[in-house]
Structure formats: structure tokens, C-alpha cells
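Engineer: Got a structure here, written out as C-alpha cells. Questions coming.
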Amino acid sequence: MGKVVIPGEKLGVIEQYLPGEGTYLDQSGAVISSLLGEALPQDRKITVKPIKDVKYPLSPGDMVIAVIWNSERSQFLVKILALFKPRKLLFKSPISAIIQKKTPENRAAMPGDFVLARVESFIGGDVYLTMAGSTELGVISAVCRRCNVKLNRVGYTLVCSRCQQVYLDRKISDHYGLNPFERG
Ligand SMILES: [Zn+2]
């Protein structure tokens, strides 16, 4: 299996690789993954293939990688993409879940963000996640609302490398900017 990469991850530069399916070229000439998947370099071209894997049942306490796709008044709707701990596994298809905006930590994200969250409970067939209780939990990847480029972490803020907009509205995970699949 190739290396697992996350959206926004740099795969190389145009001098090394031509951007194939699942990738794009940014303005600096870097080839960037547009998907969560497996990076497959072949000759001069690199593609990212979405990974399919066996579904693994979730348990309370599990840490998962999820993407926030909608924000409602009292909750975020998210899709769980992978199990981060106890083991790194991608799901065959995303699992819908909810983050209730009950605490400041659980309000500090935006649609489009990738987050590390913990499975809190299962109520009435719904999966509830939380980003509270650990510095590991929170946003691991986010893009500028205006420029759609990945934000860089600067201390406790996120900054757009293009327009310099500073974002103070996220709970930033210790794993921000890192590919969670590379961590033991
Ligand atoms: Zn920007």
C-alpha cells in the first residue's frame, strides 16, 4: 500500500511529478493532494486514489478523523472518514456523526475542516463526537474561506499564506498540519 495522504498535503513539486487524478497544482508549483487516500507515484505522475477498507465498529473513546460538512445552530454534522486510535483504518464509506455545540471546544470549527474527535456516545442510532478533553483533539486541517488554500498554524492561530487573514475561531489540534497516518 502507498502512503496515506490527507487533503492539502504536499506530495512533491512539479519538477518531480505531474499532478494526476486526486491532486492539483498550487501557485507555488507544489503538487497537492485533494483527497484522503493513497498516494501512488508512477513514473513522472502522481495520483491519489481514495482508499477503501473494511469497516470497523466504533466504540466510545475511539479517536476518529472526520470532516465537518455542515454547521447548524446547535450542532455540526460530520462524516467520519477513519479511525485514528486504537488503530488507523479507513472506512469503506464515511459514517455520519454529530458534534453538539455544547462547549467552546465543540463550537470552534468550520465546515470543510478536518478534525480529530473522540467518539462520545451513541444515542438513538446517532454517533456523537467531541473535540473537548484533550489537546490532541480539534482541527487538523483547514483552508482559507476566501482563497481556499491551506491555513498554516502560527501559535494559537491559523494564518492564510496568501491573504494573511488570521483565524482565531478554531480549536487547533496538536496534530494540526501533520498527516495523522504517519503517527504511531
Ligand atoms: Zn486567504
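Values quoted throughout were computed directly from the atomic coordinates according to the rules given, and no laboratory measurement underlies them. Since the structure is predicted, the reported quantities are computational estimates derived from the model, not experimental observations. Every residue, glycine as well, gets a Cβ built from its backbone with ideal geometry; the counts of neighbours run over all protein chains shown.
Engineer: Of all residues being in a loop (DSSP other than H, G, I, E, B) and within 16 Å of the ligand (Cβ to nearest atom) in segment 125-150, which is surrounded by the most Cβ atoms within 10 Å (Cβ to Cβ)? Just the residue, please.
Structural biologist: Out of the qualifying residues, it is Ala142.
Engineer: Report whether or not Lys102 is away from the ligand (no atom under 16 Å from the Cβ) and surrounded by fewer than 17 Cβ atoms within 10 Å (Cβ to Cβ).
Structural biologist: yes
Engineer: How about segment 151-165: which of its residues are within 10 Å of the ligand (Cβ to nearest atom) and of a type outside the set (Gly, Ala, Ser)?
Structural biologist: First, the residues of segment 151-165 that are within 10 Å of the ligand (Cβ to nearest atom): 151, 159-165.
Passing the criteria: Leu151, Val159, Cys160, Arg162, Cys163, Gln164, Gln165.
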